[in-house]
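This report concerns only the one structure given below.
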Amino acid sequence: MLTVESSISQQHYRKVMGRIPTSVVAITGIDETGEELGFIVGTFASLSLEPPLVTFSVAETSSTWPRIRRSQYFSANVLAGPGSDVCRALSRKGPGKFDGLRYETGETGVPHLLDSVAWIDCTLQAEVVVGDHFMVVGGVTAMAAADGEPLLFQGGEFGRYAGPSESAHVGSGA
């Protein structure tokens, strides 16, 4: 495990890091009984193009991730704005997280949430303990995108991407 000495308080860390907008991604899977499982991450990212890999972090205290991990398959569902109801449902503790959620089952049996702008099916490739989290690496096996804008989280609130502004031209060669 990586150990770093720091005098930064958790409160200050959260305040500063809360300035960074993050995607709202539901990691879904099933356990050995076929029960649909899911939880929310704000750390999902593309990791490698060749081979196609993605990554996310999940707290070591998660009770859902170990159940998904055993199957070796999971799906990352990029929630659509406004998808805060889906986010709240999957953030609850205990059974019944999928009650009332709209989803279909993918080829590996994992749920694809219909209130998403994309889903990415993965096989577990690696897991590393980093601080108080597991850093998970998934190998992408299938993926699809839909119309709509992604749900974002920033400063303790949900929001939506408003599209590019006319004054912001990334990569204009200037």
In Å², rounded to a whole number, the accessible area per residue of the stretch 109-153 with probe 1.4 Å is 45
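Can you give the relative contact order of the chain as a percent, counting alpha carbon pairs under 8 Å and 6+ residues apart?
The normalised contact order for the chain reaches 26 percent.
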About its Cα centre, the chain carries a charge dipole, from +1 on Lys and Arg Cβ atoms and -1 on Asp and Glu Cβ atoms, whose size in debye to the nearest 20 is 520
Filtering trypsin sites (Lys or Arg not before Pro) in the stretch 72-102 by DSSP loop and by at most 13 other Cβ atoms within 10 Å leaves ARG92, LYS93, ARG102
Here the FRET efficiency for THR61 versus ARG102, based on Cβ atoms and R0 = 35 Å and rounded to 0.05, is 0.75
The whole-number value in µm²/s of the Stokes-Einstein translational diffusion coefficient for the chain, with Rh from the Kirkwood sum over alpha carbon pairs at 37 °C and 0.692 mPa s, is 191
Extension length gain for TYR161 and SER48 (0.36 nm per residue less Cα distance), in nm, is 38.3 nm
For the chain, the charge dipole (Cβ of Lys, Arg +1; Cβ of Asp, Glu -1; about the Cα centre) points to a positive end, and the Cα of LEU90, TYR73, ILE27 closest to that extreme belongs to LEU90
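Give the relative contact order (percent, whole number) for the stretch 62-157; include only Cα pairs under 8 Å separated by 6+ residues.
On the way: 141 pairs, mean separation 30.1, N = 96.
This gives 31 percent for the stretch 62-157.
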For the HIS12, ALA144 Cβ pair and Förster radius 41 Å, calculated FRET efficiency rounded to 0.05 is 0.55
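The values are calculated or read from the model by the stated rules, or taken from the named source; none is laboratory data. What you see is a predicted model; the values in this text were computed from it and never measured. When we count neighbours, we look across all protein chains shown, and the Cβ atoms used for this are built from the backbone with ideal geometry, even at glycine. We work out accessible area using only protein heavy atoms, side chains counted, and drop any ligands, DNA or RNA first. Shrake-Rupley method; radii C 1.70, N 1.55, O 1.52, S 1.80 Å.
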